[in-house]
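Chemist: Sharing a structure here in structure tokens format.
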Amino acid sequence: MPHETKIVSGVEVVPLCDAVGPMGTHIRKPLPEMFPGGTFEEGEEWILHFHCYLLRAAGRTILVDTGIGGTGSPAASWAPVPGRLPEELSAVGVAPEDVDLVVLTHLHSDHASGCVGGDGPAFPNARHAVQRADLDWARGPMFDQVVAPLRDSLQILDGTTELLPGITAVHTPGHTPGHQTVEVGDLALSGDVVLHPVQLRDPSITYVYDDDPELAARSRMALLERVAVLATGHFPEPFTPTSAR
Ligand SMILES: [Zn+2]
Ligand SMILES: [Zn+2]
């Protein structure tokens with residue numbers, strides 16, 4: 001069942017748990033290599049949760065990130081496909097046709113693959129808001145299997161953009177060139193700006209799979225100054241106060 005809901009500035013924020021599991025062995029590394037400079041327990045394992053978030057505001061239904069996708073998704077080589085997003089949405093009374101807007105924090109396979117189903121967009125009535133910098137950067141299966149089928153429904157963003165009154169896509173580059181957070185009041189749906197709690201304690205700690213680790217660290221520090229609560233992509237609990245630092 002979905003986690004507990006929050007209401008922030010009149011917007012309902014519903015966490016949806018798409019999957020839980022470790023990374024596939026070919027990209028998994030010991031945590032001190034994943035997060036250089038971080039301190040971990042001996043042999044500590046990183047079990048990722050893969051969260052998406054539903055926002056309901058003013059009669060609109062917005063989905064932020066779409067998870068790891070089905071068995072043939074670009075994430076299948078390293079993530080525990082199939083994702084449970086369709087069941088999670090159904091459990092909160094949302095049909096795929098009900099989604100008006102999908103916001104993709106970035107075009108990594110564990111955040112965007114659930115946008116497409118067997119024969120096209122999984123959310124047939126939705127626009128898909130993506131930063132242009134990520135569209136220009138996406139390659140290979142992410143482009144061919146995810147971006148291309150969405151071509152007619154893309155809402156291409158050039159930097160920070162208010163999507164709906166009080167709901168803003170903020171360009172937070174570094175993890176990918178066009179990474180964006182979705183910010184509502186003092187809460188941010190933070191995608192992969194913060195991947196592991198070690199980066200709350202020390203936001204300068206970088207992640208081995210960041211596209212530009214130094215830029216990602218600057219985006220992370222700015223985000224942690226700007227908001228009070230993170231709704232993260234990969235922490236076990238969906239909501240984390242930034243004061244937990
Ligand atoms: Zn990512
Ligand atoms: Zn991720």
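Chemist: Take the residues in region 56-97 that are acidic (Asp, Glu) and within 17 Å of the chain's Cα centre (by Cα); name whichever of them is surrounded by the fewest Cβ atoms within 10 Å (Cβ to Cβ).
Modeler: Glu88
Chemist: Oh, and also: Check Gly140 against each of (1) surrounded by 17 or more Cβ atoms within 10 Å (Cβ to Cβ); (2) under 19 Å from Gly70 (Cβ atoms); (3) small (Gly, Ala, Ser); (4) within 16 Å of ligand 1 (Cβ to nearest atom) and name the one condition it does not meet.
Modeler: (1)
Chemist: On to the next question. Is there a residue in region 182-189 that is touching a residue at least 40 places away in the same chain (Cβ under 8 Å), of a type in the set (Gly, Ala, Ser) and in contact with a Gly (Cβ under 9 Å, 6 or more places away or on another chain)?
Modeler: The answer is yes; a qualifying residue exists.
Chemist: Filter region 176-186 for residues that are crowded, with 21+ Cβ neighbours inside 10 Å and more than 11 Å from the chain's Cα centre (by Cα) and give the result.
Modeler: Thr176, Gly178, Glu183, Val184
Chemist: Tell me which residues, restricted to region 224-245, are of a type in the set (A, V, I, L, M, F, W, C) and either within 16 Å of ligand 1 (Cβ to nearest atom) or under 18 Å from His51 (Cβ atoms) (or both).
Modeler: Listed by number, the residues that qualify are Val227, Val229, Leu230, Ala231, Phe235, Phe239, Ala244.
So that you can scan it fast, the table gives a plain yes or no per residue for (1) away from ligand 1 (no atom under 16 Å from the Cβ); (2) out of contact with any Asp or Glu (no Cβ under 8 Å at 6 or more places or on another chain); (3) of a type in the set (Lys, Arg):
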position	(1), (2), (3)
Arg84	yes, no, yes
Ser90	yes, yes, no
Cys115	no, yes, no
Ala129	yes, yes, no
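Chemist: So which of Asp65, Asp100 ends up being of a type in the set (D, E, K, R), within 16 Å of ligand 1 (Cβ to nearest atom) and touching a residue at least 12 places away in the same chain (Cβ under 8 Å)?
Modeler: Answer to the selection: Asp65.
Chemist: Identify the residue in region 182-198 that is away from ligand 2 (no atom under 13 Å from the Cβ) and not acidic (Asp, Glu) and, among all such residues, is farthest from Ile27 (Cα to Cα).
Modeler: Among residues in region 182-198 that are away from ligand 2 (no atom under 13 Å from the Cβ) and not acidic (Asp, Glu), the one farthest from Ile27 (Cα to Cα) is Gly185.
Every read-out reported here was derived from the displayed coordinates using simple, explicitly stated rules and does not represent laboratory data. Remember, it's a predicted structure, so these values are computed and weren't measured experimentally. Reconstructed Cβ throughout: ideal geometry from the backbone, glycine too, with neighbour counts over all protein chains shown.
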